[in-house]
Structure formats: C-alpha cells, structure tokens
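Asks: Got a structure here, written out as structure tokens. Questions coming.
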Amino acid sequence: MIPAHYSPRPRPAELIADILPPAVAAAESTGKAPRTGFGLFPAEEAALRTAGPGRRAEFAAGRLCARAALAGLGVPATPILPGPAGQPQWPAGVTGSITHCAGYQACAVALAADVAAIGIDAEPHQELPATLIEAVATRPERAWIRQQAACVPAGCWDRLLFSAKESVAKLWYPLTAQWLSFHDVAVCLADTGTFSARLPSGPGWASGDLPEGRMMGRWLIRDGLILTAITLRCGGLATSSRAGTLAGLLRRQNELRTRRSTARFS
Ligand SMILES: CC(C)(COP(=O)(O)OP(=O)(O)OC[C@H]1O[C@@H](n2cnc3c(N)ncnc32)[C@H](O)[C@@H]1OP(=O)(O)O)[C@@H](O)C(=O)NCCC(=O)NCCS
C-alpha cells in the first residue's frame, strides 16, 4: 500500500523523520521512482553506466532525496558517488544513509560533528520468505518473532528484524569497512518502537567500545511500510589505549572529518 500523501518528488520526511533524532535531516518520496528526469550529475550518470532502467530509477530517486536532505543541513548539491562496496560517499563533514523499496525512497543525513554514523532501511510490510528466516535470525530472535506473532499476528516481525539488521549493517560498514553477517548482530526490538544492537568484537573494534545508549535504533510500521533507523552519536566514546579499536577509529575519522568540514564550510 502506498501512503495517501503519494509524491514521487522528494520532500522533507514525515515517515522516517518520526524515528530519527533532531540532529538528522531527512527527505523521502513515495510511489514508483520516476524513470526519467533524474537530474543526476555526470559523475553519477557514469557510475550507472551498466545499470538497467529499474536500478537507474531507484538510484536517482535516492539521490534526489539525498539532495533534499542535504539542503536541510545547508549543504549544496554535489555528486554522491557509490564507494567500492556501494556505500554513498558523502560530502566532507556529513554522514548519512539511503534506502529504497517499492513505493518508498528516503535519505537521512547529519553533520559528522553531531552524528558519527546513520543507517536507515525501508521494507514492504510483508513476511520474509520462510527460507530466509534461519539465515537472518538467531535462535533467541526466532523465539521473539514467534512470541510477537502470537500477540500481534498482523505484524511482520520477521521482516522488521531483517530491516533493523540492514540498518545496522549500513551504519557499520562506513565506520569499519566490514560487512557483518546476520548472525554477528543481535538485535533486541522493544514494543515501544526502539531497538538496540549488540555487535561482536572483531579485528579493529571491540563491542565494549560502544557505550550503552550511544547507538540508538528506532522502528515504525505505517502505511504498508517497515522503517528502521539507527544512529551512533558522536562524543563520549569509551577511551581505550588499544590502537585500532572502534573508539580510536571513530575518533580519528571524526578528527579528519572535522578538519575537512572546517575547510569546506569556512
Ligand atoms: C547493501 C544493503 C545493506 C542494502 O540494503 P537493501 O535493503 O538491499 O536496499 P536499500 O534500498 O535499503 O539500500 C540500498 C542503499 O544502501 C546503501 N549502501 C549500499 N552499500 C552500502 C554499504 N556498504 N554501506 C552503507 N550503505 C550502503 C546505498 O546508498 C544503496 O542505495 P544506492 O545504491 O542507490 O545508493 C544490502 O543489500 C546488503 O548487501 N546487505 C549485506 C548483507 C548484510 O550485511 N546484512 C545485514 C547483516 S547485519
């Protein structure tokens, strides 16, 4: 189902904004992504050289949302090229995330001085194919899905869990250049519309480097969509003397971004 306020043109977000903190600017569009009139930069067009029409349309719809979201931060339009793993490469001093699914496209951005990383994900409010659940959910998460389904059968709790993990992966990759596997992340969803994510220790980071409350996830089911968002706030990261921990990595990344951002906005 497509929301009543259908508009393929990007506009300040209503749906995803509900689950993002105030420091984040977001834009969204609804309905089928238009197949013409993209307004992409030549470098973005070049990145789409081999893409088919559907992929071009979703890419362009995401980029149009990105420009509208960046305008909300006062950042002028600029090419947002995909990095080697597909991650959007934001202007200096900015972090963000893009999502698209049938009938919905959105982008959320923030100044890197406020927010270290963002992951957002949109999914249709439909059950996951049954064959996927074991790959996506740990045993306790499958138990939670069964329990939720017994209480609220209309909710697609398996897809919600999947979406939360996709959001976490999109937050995590730009920070660490590491893809997580679904079983690396334990997600705990609360009925109040929040979720937390427990990440593993691994090469280059330690889960203890992320103090409780620093990473905040929220979810929403509305208008036939599942939306999830997770942000990692800057500041107050645990200090660690070990070189190469996530805290150190984030500190170095933020210092670099702040230096670049000062150069860009001064
Ligand atoms: C990349 C991936 C996360 C995209 O999620 P999706 O639900 O399929 O699609 P969405 O429309 O929500 O998101 C696509 C956008 O994610 C962004 N994205 C792609 N790769 C990314 C990465 N490495 N890091 C951060 N964002 C990325 C891009 O902006 C992309 O849109 P664009 O190519 O038009 O710019 C997913 O396809 C994937 O490959 N996941 C790997 C498996 C995984 O790690 N899952 C979670 C385990 S916890």
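Asks: Given the conditions (1) crowded, with 18+ Cβ neighbours inside 10 Å; (2) more than 8 Å from the ligand (Cβ to nearest atom), report the number of the one that residue 122 does not fulfil.
Replies: Of (1) crowded, with 18+ Cβ neighbours inside 10 Å; (2) more than 8 Å from the ligand (Cβ to nearest atom), only one is false for residue 122: (2).
Asks: I've got another one for you. Would you point out the residue of the range 156-202, among those that are of a type in the set (Lys, Arg) and near the ligand (Cβ under 9 Å from one of its atoms), that is surrounded by the fewest Cβ atoms within 10 Å (Cβ to Cβ)?
Replies: 170
Asks: Now for a different question. Output the number of the condition that residue 45 fails; it satisfies all remaining conditions of (1) outside any helix (DSSP H, G or I); (2) out of contact with any strand residue (DSSP E or B) (no Cβ under 6 Å at 6 or more places or on another chain).
Replies: (1)
Asks: Next question. For residues in the range 50-75 being assigned to a loop (DSSP other than H, G, I, E, B) and within 14 Å of the ligand (Cβ to nearest atom), which is nearest to residue 111 (Cα to Cα)?
Replies: Residue satisfying both the conditions and the ranking: 51.
Asks: Step by step: first the residues of the range 120-173, then only those that are of a type in the set (S, T, N, Q) and in contact with an Asp or Glu (Cβ under 9 Å, 6 or more places away or on another chain), then the one that is farthest from residue 66 (Cα to Cα). Which residue is that?
Replies: 148
Asks: Which helices (runs of 4 or more DSSP H) sit wholly inside the range 76-187 and have at least 2 residues that are under 12 Å from the mean Cα position of the chain (by Cα) and at pLDDT below 95?
Replies: The helices (runs of 4 or more DSSP H) meeting that bar are 157-176.
Asks: Right, another one. Report the residue count in the range 99-119 for those that are within 12 Å of the ligand (Cβ to nearest atom) and crowded, with 24+ Cβ neighbours inside 10 Å.
Replies: 10
Asks: Picking from 83, 96, which residue would you name as being within 11 Å of the ligand (Cβ to nearest atom), closer than 15 Å to residue 167 by Cα and small (Gly, Ala, Ser)?
Replies: From the options 83, 96, the qualifying one is 96.
The values are calculated or read from the model by the stated rules, or taken from the named source; none is laboratory data. Quantities reported herein were computed from a predicted structural model and do not represent experimental measurements. Neighbour counts are summed over all protein chains in view; Cβ atoms, including those assigned to glycine, are modelled from backbone coordinates with ideal geometry.
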